[in-house]
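A short write-up of the structure that comes next.
The values are calculated or read from the model by the stated rules, or taken from the named source; none is laboratory data. The model shown is predicted, which means the values in this text are computed figures rather than measured ones. All Cβ positions, glycine included, derive from the backbone under ideal geometry; neighbour counts span all protein chains shown.
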Amino acid sequence: MADFERETTSMAIPLLKRRLILIEELQLIDEVNCHDSLIGQKTLIIITKTTGRYFKMLRNLILMLLGAVIGITGVVATTPVVEADEQFIPMLVYRTGPYAPSGIPVANGFRDYYTMINNRDGGINGVKITFEECETEYNTKLGVECYEKLKNKGSTGASLVNPFSTGITYQLIPKASVDEVPILSMGYGRTAAADGRVFKWVFNFPTTYWSQASAFIRYVAQQEGGEKNLKGKKIAHVYHNSAYGKEANPTLQALSKKYGYELVLLAVDHPGQEQKATWLQIRRAKPDWVFMSGWGVMNQVAIKEAASIRYPMDHFVGNWWSGSDADVVPAAAGAKGYKSATFHSPTSDYPVHSDIIKHVYGGDMSKAKKNSFGEVLYNRTIVNAMFAVEAIRTAQAKYGNRALTGAEVRWGLENLNITENRLKEMGMEGFTKPVKVSCSDHETGGPIIIQQWDGSKWNIVSDWVSPIREVVRPMVEKAAAAYATENGIKPRSC
Amino acid sequence: MLYRETGQFKISYAADQSVFPIAQDRWFVSLIIVVAIFVIPVLASEYLLQAVMIPLLIFSLAAIGLNLLVGYAGQLSLGTGGFMAVGAYMTYKLTTAFPDINIIIVFLLAGLIAAFVGLIFGIPSLRIKGFYLAVATLASQFFLLWMFNKVAWFYNYNSSGTITAPPREMFGVVITGPMASAETRYLVTLFIVIIFAFIAKNLVRGRLGRSWMAVRDMDIAAEIIGIRPFQTKLIAFAVSSFYCGLAGAMMVFLWLGSAETEAFSINESFNVLFMIIIGGLGSILGSFLGATFIVGLPIFLTNAPQLVGLSMPIDMQKHIEIMMFGSLIIFFLIVEPHGLARLWQILKEKLRLWPFPY
């Protein structure tokens, strides 16, 4: 935001000036009206002159102060006005706190993609997108507060919510069906929500933690030369000790029984700045592969620690939330060779990117770079925002080109079908994989791909690896059924 | 002129011993309660109820609990978050195991279990005092959270370790779970808090409260006049943990809807401790004032720029909020080290003399 300082100042100052002058004039008129007599007016003019001078001084003082504040902070003196036919999307972001390294590119990505759609196409089929950010610090309590604050904004309320936090997603899942606001938790949140029969309002395509963990095991098998070679291998899972980090554990355990590898589970407590003990344990256990579910500061620390115990980096694989630029840069050369899963390309040379540069930043590449343009998480958010926009577009095909309610957008999410052709139209051919959501399958079990950090950028180093569906799907259905009985939900039939 | 007790004669012992001996206080508190019950649920938006009022009441209850222990009995504790977690996880276990038991009874049972846990962690208080005791109770905070994270039985073996409030009814109205309206949850919270605030108020005026204060002020002297420090301190721990456990249960079931151990982290313990320090140690009113300050102020500061029509980058707003909040805490502690409750007391004394101070 710091880059907008100059513009906002030049924009804001005249606005403020005009406002203050208006106030001054109003007061003059008011006072003149009160006194009809000539003498009164004369004295009044003197009074107003002096008060006018006083006001001017005051105004200058206020302007100076405001100018200083604006100069320092980049305050924008415009409030977003939500008009009738605008699609409102709430944005729960975290630009502060220990998770800010991950949160900032995410927040910027959403903002830029929606702005690009508004500037390039004039919105989705003419319906402008409006959005408002609310700071959550990745804290579930603040997340719920933000959700409550934003869910009824806009002409039709929130169209869908992207919590970008598994903890907050967990909190919002029960509320979604009551408030009729669909949740798009793209590749995070509650894995069991992949069963659309129980979780009507929650979507976690293109793939989930469990699918990802199984795909990771398949990738390891490929590297080790076949599934039979997994037997006797030791795989460690370093995870954030929260609902998020624990998600992959059941799958890794189930697969460990199936393939006979030894699983070492190592929890790292929030926020993850202290990991000496964890990596000592890894040094002692000498696992063949380390899989990590980290977020925010935890990633940087883990990669640094791994480098310091000289763990072979090409056997250290993060999940897709542990593989952005902010995670590897602090470890410098030590991070070279570190791998992570992803489901889209890490590069930013697709037509959609040039559209963002053109329509959001007016061709200013350096400014875009300062706004996390091109980082892995930024790219991922582009995919996420694209899903949201396309879901609204799909729903518009059924309900007409107007601002849609959450319930209508939910239909759009459930009937979302992004084909290879559509990706090409949007300038994302090869950027990510096609997705087709259905009523019973909110996950679609999309494949993952492994990227590797070469010291300066991420490169794709594997083919698309598909998850082990036959193991994951029954587990999803079992977990969803348990949730349904616990909360008295009657599954839909699809 | 408006606020003075002149002319209010007590003609019975009961009247003399009433909770609020001055008629104006009685009216004022009744007015607040009437407004809280009848006006707020009608006028307040869902956001105000869900994000401000319910957490404010729940943290008030937790603050009362900690105030009994720290403010009245003088035993410094940092285990509040842990005891709140006991209440929450026990409510979850009990209500999923016995879905037919009324949820309010489950709350109370969970509170009793929390009281028992508090009793055990209170044992060291006989030997160690002050800051050393705070460190000992810190152990309970970490141990309890570790246990709820580690032992899958506490969260019914689900994969994420999250507990979720299932829907529970009372008199045909859903009061927990996602289907419960914010108004219902607010009213249930309010009734529980009113009842337990009155119990606490009476507790500290009675024999038990007096013995707590005696132990707080000088435990050797208290022992000499016949108060058993061991029992007194343990009862303080038990009662305090009961309140905290109840607040923890309400936090998950009436406010958040679901939670993991992170919701009861050491930060919550500190928050509740700050509430009673800012509100006023050894004051029930102070617990409410402190909770209002700590819960309400950040929300007010977050929304204030928008209320005056300024919109600024969200991260900047958050940083300003943190700075303002910190400076306000320092300001209040310098202006009135005895807390907001003391300010209220001074105000009352001034009111008594008004408009002819001498």
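Please work out if B:Glu268 is of a type in the set (D, E, K, R), in a helix (DSSP H, G or I) and away from chain A (no Cβ under 14 Å).
Values: of a type in the set (D, E, K, R): yes; in a helix (DSSP H, G or I): yes; away from chain A (no Cβ under 14 Å): no.
In short, no.
From A:Val181, A:Val198, A:Val220, which residue is outside any loop (DSSP other than H, G, I, E, B) and among the aliphatic types (A, V, I, L, M)?
A:Val220
I'd like to check something: does the range B:69-82 contain any residue that is within 14 Å of another protein chain (Cβ to nearest Cβ) and modelled with pLDDT of 90 or more?
Yes, some residue in the range B:69-82 is within 14 Å of another protein chain (Cβ to nearest Cβ) and modelled with pLDDT of 90 or more.
Looking at this structure, is B:Leu254 within 14 Å of chain A (Cβ to nearest Cβ), in a helix (DSSP H, G or I), in contact (Cβ under 8 Å) with a residue 40 or more places away in the chain and surrounded by 24 or more Cβ atoms within 10 Å (Cβ to Cβ)?
In short, yes.
Give me a count of the residues in the range A:155-185 that are surrounded by fewer than 22 Cβ atoms within 10 Å (Cβ to Cβ) and over 13 Å from A:Trp201 (Cα atoms).
Qualifying residue count, the range A:155-185: 3.
Would you pick out the residues in the range A:248-269 that are outside any helix (DSSP H, G or I) and either touching a strand residue (DSSP E or B) at 6+ places or on another chain (Cβ under 7 Å) or in the same structural domain as A:Tyr138 (by TED's automatic domain parsing) (or both)? Step through it out loud before you land on a result.
As a first pass, look at the range A:248-269 and keep what is outside any helix (DSSP H, G or I): A:248, A:260-269.
Across the range A:248-269, the qualifying residues are A:Ala248, A:Tyr261, A:Glu262, A:Leu263, A:Val264, A:Leu265, A:Leu266, A:Ala267, A:Val268.
Conditions first: (1) touching a Leu at 6+ places or on another chain (Cβ under 9 Å); (2) modelled with pLDDT of 95 or more. B:Gly122 passes all but one, so which condition is the exception?
Failed condition: (2).
For the range B:141-178, name all the residues that are part of a loop (DSSP other than H, G, I, E, B), more than 10 Å from every other protein chain (Cβ to nearest Cβ) and of a type in the set (S, T, N, Q).
Passing the criteria: only B:Thr176.
Would you confirm whether any residue within the range B:213-220 is surrounded by fewer than 21 Cβ atoms within 10 Å (Cβ to Cβ), of a type in the set (Asp, Glu) and within 14 Å of chain A (Cβ to nearest Cβ)?
No: the range B:213-220 contains no residue that is surrounded by fewer than 21 Cβ atoms within 10 Å (Cβ to Cβ), of a type in the set (Asp, Glu) and within 14 Å of chain A (Cβ to nearest Cβ).
Limited to the range A:453-493, what total is found for residues that are among the acidic types (Asp, Glu), part of a loop (DSSP other than H, G, I, E, B) and free of Cβ contacts under 8 Å to residues at least 40 places away in the same chain?
Of the residues in the range A:453-493, 1 are among the acidic types (Asp, Glu), part of a loop (DSSP other than H, G, I, E, B) and free of Cβ contacts under 8 Å to residues at least 40 places away in the same chain.
For A:Lys304, indicate whether it is over 23 Å from B:Thr162 (Cα atoms), assigned to a helix (DSSP H, G or I), modelled with pLDDT of 90 or more and more than 29 Å from the chain's Cα centre (by Cα).
No; evaluated as a whole, the condition is false for this residue.
Could you count how many residues in the range B:271-295 are surrounded by fewer than 20 Cβ atoms within 10 Å (Cβ to Cβ) and within 12 Å of another protein chain (Cβ to nearest Cβ)?
Total meeting the criteria: 1.
Would you tally the residues in the range B:242-251 being under 30 Å from A:Glu137 (Cα atoms) and either of a type outside the set (Gly, Ala, Ser) or not in a helix (DSSP H, G or I) (or both)?
Total satisfying the criteria: 5.
Filter the helices (runs of 4 or more DSSP H) completely within the range B:1-110 down to those with at least 3 residues that are free of Cβ contacts under 8 Å to residues at least 40 places away in the same chain and within 25 Å of B:Phe300 (Cα to Cα).
B:23-34
Determine if the range A:120-129 includes at least one residue that is away from every other protein chain (no Cβ under 12 Å), touching a strand residue (DSSP E or B) at 6+ places or on another chain (Cβ under 8 Å), at negative phi and in a helix (DSSP H, G or I).
Within the range A:120-129, none of the residues are away from every other protein chain (no Cβ under 12 Å), touching a strand residue (DSSP E or B) at 6+ places or on another chain (Cβ under 8 Å), at negative phi and in a helix (DSSP H, G or I).
Find the residue count for the range A:364-383, including only residues that are assigned to a helix (DSSP H, G or I) and surrounded by fewer than 21 Cβ atoms within 10 Å (Cβ to Cβ).
5
Out of curiosity, is B:Phe59 at pLDDT 95 or above and either on the phi > 0 side of the Ramachandran plot or within 14 Å of another protein chain (Cβ to nearest Cβ) (or both)?
So B:Phe59 passes the test.
Have a look at B:Ala14, B:Ala51, B:Ala44 and point out the one that is of a type in the set (Gly, Ala, Ser) and within 21 Å of the chain's Cα centre (by Cα).
Unique residue meeting the criteria: B:Ala51.
If the Cβ limit is 8 Å and pairs must be 6+ apart or interchain, which residue in the range B:179-192 that is without any contact (Cβ under 8 Å) to a residue 40 or more places away in the chain and within 13 Å of chain A (Cβ to nearest Cβ) pairs with which residue that is crowded, with 22+ Cβ neighbours inside 10 Å and β-branched (Val, Ile, Thr)?
B:Thr184/B:Ile175
Quick one: is A:Ala221 in contact with a Leu (Cβ under 8 Å, 6 or more places away or on another chain), modelled with pLDDT of 90 or more and not assigned by TED's automatic domain parsing to the domain that holds A:Ala479?
Yes; evaluated as a whole, the condition is true for this residue.
In the range B:206-241, which residues are of a type in the set (Gly, Ala, Ser) and in a helix (DSSP H, G or I)?
Hits for the range B:206-241 are B:Gly209, B:Ser211, B:Ala214, B:Ala221, B:Ala222, B:Ala236, B:Ala238, B:Ser240, B:Ser241.
Looking only at the range B:304-355, count every residue that is assigned to a helix (DSSP H, G or I), surrounded by fewer than 16 Cβ atoms within 10 Å (Cβ to Cβ) and facing another protein chain (nearest Cβ under 10 Å) and tell me the total.
Residues flagged as assigned to a helix (DSSP H, G or I), surrounded by fewer than 16 Cβ atoms within 10 Å (Cβ to Cβ) and facing another protein chain (nearest Cβ under 10 Å) within the range B:304-355 amount to 3.
In this structure, is A:Gly363 on the phi > 0 side of the Ramachandran plot and modelled with pLDDT of 90 or more?
So A:Gly363 fails the test.
Would you confirm whether any residue within the range A:243-259 is within 13 Å of chain B (Cβ to nearest Cβ), within 22 Å of the chain's Cα centre (by Cα) and surrounded by fewer than 24 Cβ atoms within 10 Å (Cβ to Cβ)?
No, the conditions are met nowhere in the range A:243-259.
If you take the residues of the range A:140-154 that are outside any helix (DSSP H, G or I) and either more than 11 Å from chain B (Cβ to nearest Cβ) or not polar (S, T, N, Q) (or both), which of them is surrounded by the fewest Cβ atoms within 10 Å (Cβ to Cβ)?
Selected residue: A:Lys153.
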